[in-house]
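Shown next, in structure tokens, is the structure this report addresses.
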Amino acid sequence: MLELAPSIALLALALQAPAAPAQDAPAAPKEAPSQDAPAAAKDVPGEPPAGPKVIEGAVNIYSWGPDDRSKAVEAKDINLRKVFEDLGPVATRWYQHALTLSNPFFEGRAPGLRGSEVAAEYLEFWMKDMGLEPAFPERGTDGITPKDGPWKSYRQHFTLTGGAPKVEEASMSVAGGEALERGKDWSVLGISGNASIEAPVVFVGYGIEEGQDGYTSFEEGTDLEGKVAMVFRYEPLDERGRSRWATRRFSEFSAMTDKVKALVDRKAAAIILVAPPGARDGRTALEDVATSRWGRPLDIPMVQVSEAVAEGILGRGMPGGGSLMDWRRKFDEGAAKTVALGDGAKVAISTKLSTGGTPAQNVAGVVRGKGKLADEWVIVGAHFDHVGFGYFGTAPQYTGQLHPGADDNASGTSAMLCVAQAIADLYGGKDAPADARSVLFMGFDAEESGLRGSRWYVEHPTVPGDKVSMMINMDMVGRLRSDDLSVGGMKSAKDLVDILRPAFERSGLTIRADPSGRGPSDHASFYGVGIPVAFIYTGNHDDYHTPADKGFTLNPEGAAKIVALAVDMVQLVAMRPGKLEFQGSEGATPDRGYAGVRLGVMPAMGGDEDRAPGAPKGVLVDAVSADTSASDAGIVKGDIITAWNGEALDGAGAMMGKLRGHKPGDVVKVKVWRDGKDVELDVTLRAAKPKE
Ligand SMILES: [Zn+2]
């Protein structure tokens, strides 16, 4: 049985190259709703919100997602052609874009993939088709788009640094045997350095310098020079494979950073990591470069092997000396410390990693303004990238699977193109406004890697920040349910809700007007530099960041309503005499809320639900920007920053406050909670990039 909206799914499969109906823009809004509109009906708990209205209040974007109350219809009763004629040209065009961009041909649009380049071509094609002007100077010889120069290109090229390192070359073998298979028998870890070694192995148990009750894995003066250290993850386990030192998961003594330090301090020539057999908790699968960046890259190779390979090394280095489980038990008891294996287990490891400079690009076009407002701007944006084959940004069980990213964010990108069509037609048509701000339509790249495209744009803007009246961001707008829509940023400019209310009311939707200008999407980059923002979002769902986020799950009828609303919002802001006045909702100062220094972390937006149980208060790090104070200090995604120079931090606001009190060069003692333990790091604060 199919539901109405999804009944279009059949079309989705057939429509890969749909013949779209005429491309006329949604009709310009006639007049404001009459004063005697019926009184807003009351909300009944458990029932869909009663009729269109504006509900002001915070929306937790991770947990908010309206129920879908559309009625189910038998597929055989659907005349798809009639459905689309009823839905109209905008819904049809939007759906064509969204199905196309979420087609597997686009490979999940991760930066660096062919599919990402094809997506950029697709956006440029349509921007040219709509008559938008180029928005960027030509690319430089270094492959990067400069800030200055005549606008001749639709692309702003930049390089994603600091992303997960890339393994350029790597090989491993044991005692001259067959080369092991990477990804199956072994993997290169993200913290690994570049080197080639061949050396005997020393099994160092759990590699713990100082554990509970004086436990240590090392004899006095253990020297690992010229040796490969094979080390177990985690810490001594009991018979049932549970930690002997923690009631839940593992204690702070199992921290990877400490193990690595203990082995590097003893001059190990390389490190081989093994998951202890029979461990009940923790990860057993091979890590990859993206999931094992436990601090600054080493000067020696660090790899992980499967249990079978470790068993093989043990068997060759100490024939009859016991199995991996036998040794685990000895290390559990503290009955053994380090065990030198014979030459029969010499391993040869060679690793060569590059700091992964991944090419990326924003794609944008301009609808030139009119009259006396023409040199001021409205920006309409959406990220067109997604997580590709799930090597980052998804749950481990989906690693390697295609993530089509239909709602996230083929939907927003398609809506941005449809809004561009409407505004271009309006500005170029017979009802063109006399005075209107210019509009920049932009597809951001690398949002999933930490808002990198929008950050790059605000740090390399082609439109001066103080000329921008507002930035409208559309991220996940493809699943409108019960006409219930979230619009964030509503406190980022003075009287913003009232300024936009006519559009909200004309939309016929229930608008959840969320005050915050922050959040894990591109509007946060603009808010961060003091530009008023609006963040349009239809809510979370179970397919978020999974291979199931496919085109046929989308709702073109809802999207058409959202496009009409966005077009209305653009008009209201682009044609009103006054430029919006920025205001920070969480103490962001009107002076663009910028501290003189920058840490370089992206706080997670969500509440406690995405923290490990028992995790302390503090700033949960959602992303670390490359080449910043944070990446230098080795702060990584997932860390919780709990203290700042010894003072407890209860949230991002407090941290922003701290940052404002610092100047470049200040060294701060930052405590982070990682893998169940507190790690203290010295952070040297760098200057924030000066604003253009
Ligand atoms: Zn997104």
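Antiparallel versus total DSSP beta bridges in the chain: what percent is that, nearest 5? Working shown, then result.
Numbers: 65 of 101 bridges.
Taking every DSSP beta bridge within the chain, about 65 percent pair in antiparallel fashion.
Taking only DSSP H segments of four or more residues, each worth -39500 (n - 2.57), what value at 222 nm results for the chain once the sum is divided by all its residues, to the nearest 500 deg cm²/dmol?
-6500 deg cm²/dmol, from helical runs alone.
Given the pairs Lys261/Lys658; Lys184/Lys346; Lys53/Lys550, which span a C-alpha to C-alpha distance of over 22 angstrom in this model?
Numbers: Lys261/Lys658 30 Å; Lys184/Lys346 20 Å; Lys53/Lys550 30 Å.
Flagged as over cut-off: Lys261/Lys658; Lys53/Lys550.
Residue separation times 0.36 nm, minus the C-alpha to C-alpha distance between Asp299 and Ala434: what's the value? Please report the intermediate quantities before stating the final value.
Numbers: separation 135, 0.36 × 135 = 48.60 nm, distance 6.37 nm.
Full-extension gain reported as 42.2 nm.
Whole percent per 20 Å bin, from 0 to the bin with the longest distance: what is P(r) over all C-alpha pairs of the chain?
Taking all Cα pairs of the chain, the binned fractions are 17, 46, 29, 8, 0 percent.
Counting DSSP beta bridges in region 476-564, what percent are antiparallel, to the nearest 5? Intermediate values should be presented prior to the final figure.
On the way: 4 of 8 bridges.
For region 476-564, the DSSP antiparallel bridge percentage is about 50.
Students often check this: by mean Cβ neighbours within 10 Å, which of 87-93, 294-300, 55-61 ranks highest, and how do the rest follow? Don't skip to the answer; put the middle values down first.
Working: 87-93: 21.6, 294-300: 17.6, 55-61: 15.0.
Answer by packing, highest mean first, reads 87-93, 294-300, 55-61.
Taking Lys467 as the anchor, which lysines have their alpha carbon closer than 23 Å to its alpha carbon, excluding any fewer than eight residues away along the same chain?
Lys467 reaches Lys147, Lys152, Lys370, Lys372, Lys491, Lys494, Lys579, Lys689, Lys691.
So for region 108-209, averaging the separation of alpha carbon pairs under 8 Å that are six or more residues apart and normalising by length, what relative contact order in percent results?
Values: 75 pairs, mean separation 13.2, N = 102.
Computed value for region 108-209: 13 percent relative contact order.
Tilt of helix 324-333 relative to the longest C-alpha principal axis of the chain, in degrees (0 to 90, nearest 10)?
It works out to around 80 degrees.
From the protein chains alone at 1.4 Å, what is the descending order of accessible area for Phe105, Phe384, largest first?
On the way: Phe105 115, Phe384 0 Å².
Of Phe105, Phe384, the descending order of accessible area is Phe105, Phe384.
What Kirkwood Rh does region 628-687 have if only Cα atoms enter the pairwise 1/r average? Answer in Å.
On the way: mean 1/r = 0.0859 Å⁻¹.
It is 11.6 Å.
For region 166-354, what is the percent of antiparallel DSSP beta bridges, rounded to the nearest 5?
Values: 21 of 33 bridges.
Taking every DSSP beta bridge within region 166-354, about 65 percent pair in antiparallel fashion.
Compute, for Leu123, the solvent-accessible surface of its heavy atoms (probe 1.4 Å) with the complete set of protein chains present, and express it in square angstrom to the nearest 10.
Roughly 0 Å² of Leu123 is accessible to a 1.4 Å probe.
Take the Cβ-Cβ distance between Ser171 and Asp223 as r, set R0 to 22 Å, and report the resulting FRET efficiency rounded to the nearest 0.05.
Numbers: r = 27 Å, r/R0 = 1.22.
Here the calculated transfer efficiency is 0.25.
Once R0 is set to 60 Å, what does the formula 1/(1 + (r/R0)^6) return for the Cβ-Cβ distance between Gln212 and Glu56, expressed as a FRET efficiency to the nearest 0.05? The partial results should precede the final answer.
Details: r = 52 Å, r/R0 = 0.86.
The calculated FRET efficiency here is 0.70.
Run the numbers for Trp64 and Asp666: contour at 0.36 nm per residue of separation, minus the present Cα-Cα distance, in nm.
Working: separation 602, 0.36 × 602 = 216.72 nm, distance 3.97 nm.
Length gained, Trp64 through Asp666: 212.8 nm.
The values are calculated or read from the model by the stated rules, or taken from the named source; none is laboratory data. The model shown is predicted, which means the values in this text are computed figures rather than measured ones. All Cβ positions, glycine included, derive from the backbone under ideal geometry; neighbour counts span all protein chains shown. SASA here: full protein model, heavy atoms, side chains in, ligands and nucleic acids out. Shrake-Rupley method; radii C 1.70, N 1.55, O 1.52, S 1.80 Å.
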